[in-house]
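Only one structure is covered here, and it is reproduced in the block below.
No lab work stands behind these numbers, since they all come straight from the coordinates. Quick caveat: nothing in here was measured; it's all calculated off a predicted structure. Reconstructed Cβ throughout: ideal geometry from the backbone, glycine too, with neighbour counts over all protein chains shown.
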Amino acid sequence: MKRFYCTVCQKFKRVRQMPANVTTPNAPKPEDRKGQCKWHAGAGYTRNTLHAKVGA
Ligand SMILES: [Zn+2]
């Protein structure tokens with residue numbers, strides 16, 4: 001599991017895969033890995049995932 005800080009939830013999230021919108025996914029400290037979890041990431045993460053399923 002990986003951890004990052006969701007700027008929308010304003011708390012740390014544990015995910016199996018880091019969302020694409022996390023700017024520095026390899027930063028040593030979780031507080032430096034800021035992004036949005038997939039629940040709010042609309043344009044990036046979620047839509048791509050949906051598209052992959054629907055388009056097939
Ligand atoms: Zn969130």
Simple spin-label estimate for Ala20 and Lys2 in nanometres, 7 Å along Cα-Cβ:
1.4
Identify all lysines with a Cα-Cα distance to Lys2 below 16 Å; exclude those on the same chain that are fewer than 8 residues away in sequence.
Lys11, Lys13, Lys29, Lys34, Lys38
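What length, rounded to one decimal in nm, is gained on full extension from Trp39 through to Ala27, with 0.36 nm per residue of separation minus their alpha-carbon distance? Mind showing how you got there, number by number?
Numbers: separation 12, 0.36 × 12 = 4.32 nm, distance 2.23 nm.
The Trp39-Ala27 span can extend by a further 2.1 nm.
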